[in-house]
Amino acid sequence: MTEPDLKSSGVKDLIDRIRDEGVRAARAEADRILAEAKAKAARTVADAKAKAAAIKKEAQAATEREQTASIEALRMAARDTGLELRSAVMSAFEEHVRRLVTDVTTDGAVLRDMILVLAGRAAEDFIQDKEAVILVPKRLADEVSVELDEFLRQSAVSFSADLLRKGIELIPSSEFQGGARIRLVGEDLEIDLSDEALSEMMLKLLLPRYRKILLEAGQ
């Protein structure tokens, strides 16, 4: 091979080598870039999955918290409703008892018997030589005319002579609606069988039992 041929062959080999090295370098760089891109994509996907999982977990936790809060709110609402209902029922029962007692103690025959009981009890316990009066609802004295007057006279006559001598007097009062009270004149002492006093006595007895019945019914 001539010298020009050798030179030409050497140049070609150099060119081929440079080209091959360039190709390999380009491929290596491309592989590196691709590997980095894949790694970055993998990290992005992993981050996205982790974030999605965190969001899902938080959403589930939030849902559970809302459900728990809703259940608790419903439970409290049911409890409050039950308490309000029991309170309303208790109030209605209390009002019914008071109204019933007032209705009964404004009946003429019942009032007459109460006056007799009060007069007899007073004579035995605390009148002695003191002056006493029996208070009756004013509205009865105002509303009932001849019948009430006759009723009061009959009641007065039915007292024993001792009671009459002790000066027991029937006096209309606006302090209560039904029943009667006997009171010592000038002293803070009385026997109270008014509708208010009788209602309180009955409610002290009945309300605990009625409340127990309501509680047992609500279980």
Once you have the Cα-Cα distance between Ala77 and Ile171, take 0.36 nm times their residue separation minus that, and quote the gain in nm to one decimal.
-> 28.6 nm
Using unit Cβ charges (K, R positive; D, E negative) and no other charged atoms, how large, in debye to the nearest 20, is the dipole of the range 1-105 about its Cα centre?
-> 140 debye
If the label point sits 7 Å along Cα→Cβ of Glu66, residues of the range 19-59 with amide N under 16 Å come out as 55-59
Sequence ranges 174-182, 94-102, ranked by mean other-Cβ count within 10 angstrom, highest first | 174-182, 94-102
Starting with the fewest neighbours, write out Asp16, Asp195, Asp188 ranked by other beta-carbon atoms found within 10 Å of each beta-carbon.
-> Asp188, Asp16, Asp195
For every other residue with a beta carbon closer than 12 angstrom to the beta carbon of Leu100, add +1 if it is Lys or Arg and -1 if Asp or Glu, then tell me the sum.
-> -3
Can you sort Glu196, Glu72 by how many other beta carbons sit within 10 Å, fewest first?
-> Glu72, Glu196
Length gained when the stretch Glu216-Ala41 is fully extended (0.36 nm per residue, less Cα-Cα span) = 56.3 nm
Rounded to 0.05, the calculated FRET efficiency for the beta carbons of Leu205 and Ala109 at R₀ = 22 Å is 0.35
Could I have the simple spin-label model distance between Asp188 and Ala25, label points 7 Å from Cα toward Cβ, reported in nm to one decimal?
-> 11.7 nm
Distance between modelled label sites at Ser87 and Ala59, nm, 7 Å Cα→Cβ extension | 4.2 nm
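Since every read-out is calculated from the coordinates, none of them should be taken as a lab result. Given the structure is predicted, the values throughout are model-derived calculations rather than measurements. Note that we place each Cβ from the backbone using ideal geometry, even for glycine, and neighbour counts take in every protein chain shown.
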